[in-house]
Amino acid sequence: MRTLFVVASCATAAGLVAGVLTSCARPPTEDMVVGDCVKMDGPPDRPEATEASCGSPESNFKVVATVADTDECPSDVDSYYSMRASFSDQRSTICMDIDWVVGDCMSIDPDGARDPIRVDCADGSAPGRQRATQILTDVAGVDQCASGLGYPYDERNFTVCVEDVS
């Protein structure tokens with residue numbers, strides 16, 4: 001089952017998030033392009049998005065689309081981060097998938113209550129460790145994964161195969 005990690009919107013300048021005041025140094029989505037990686041951190045009501053090197057310990061998401069509104073994201077993305085300008089209706093959204101790297105592990109919360117984080121596969125203290133074993137293109141189903149486990153992306157027709165290591 002796919003988990004959608006929903007990230008709250010953050011407004012620039014005045015910084016109003018779902019009725020809670022916050023601050024945003026600069027709109028992180030403004031300069032992001034497809035292929036960039038992101039470290040998502042912070043609580044849902046005060047998310048922080050910072051650019052990170054793909055595959056690095058800091059990176060947990062990869063930008064797969066940049067759109068004006070969340071409704072324009074592919075339906076099978078793992079998360080999105082939206083910002084709205086404080087003094088206009090202009091919106092900016094980055095649509096993101098988990099930054100899977102074959103052979104590396106991510107700690108995945110099965111309930112989707114926290115964002116995934118890259119972890120050492122041997123770290124027994126990290127819950128929900130999953131190792132990416134392969135990324136299948138033109139296949140949107142786990143039946144071709146050796147472990148039988150994975151995350152199919154139906155709309156974009158690919159599958160990330162994983163194995164549980166915890």
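The values are calculated or read from the model by the stated rules, or taken from the named source; none is laboratory data. Owing to the predicted nature of the structure, the values given are computational and were not obtained by experimental measurement. Glycine also receives a Cβ, built like all others from the backbone with ideal geometry; neighbour counts cover every protein chain displayed. These area figures cover heavy atoms from the full protein model, side chains too; ligands, DNA and RNA do not enter into them. Shrake-Rupley method; radii C 1.70, N 1.55, O 1.52, S 1.80 Å.
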Any strands (runs of 3 or more DSSP E) falling wholly within the stretch 39-134 and containing at least 1 residues that are touching a strand residue (DSSP E or B) at 6+ places or on another chain (Cβ under 8 Å) and aromatic (F, W, Y): 61-67, 79-84
How do the pairs read when you match residues in the stretch 31-52 that are open to solvent by 20 Å² or more (accessible area, probe 1.4 Å) with residues anywhere that are at pLDDT below 85 and of a type in the set (S, T, Y), using Cβ under 6 Å and keeping only pairs 6 or more apart or on different chains? R46/T22
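Results for (1) at pLDDT below 95; (2) over 30 Å from A146 (Cβ atoms); (3) touching a helix residue (DSSP H, G or I) at 6+ places or on another chain (Cβ under 6 Å), shown as yes or no for each residue.
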site	(1), (2), (3)
A25	yes, yes, no
T29	yes, yes, no
T50	yes, yes, no
G55	no, no, no
D89	yes, yes, no
D111	yes, no, no
Going by what's in this entry, would P152 be described as in contact (Cβ under 8 Å) with a residue 24 or more places away in the chain and open to solvent by 40 Å² or more (accessible area, probe 1.4 Å)? no
Residues (under 22 Å from S53 (Cα atoms) and open to solvent by less than 60 Å² (accessible area, probe 1.4 Å)) located in the stretch 102-122: G103, D104, C105, M106, S107, I108, D115, P116, R118, V119, C121
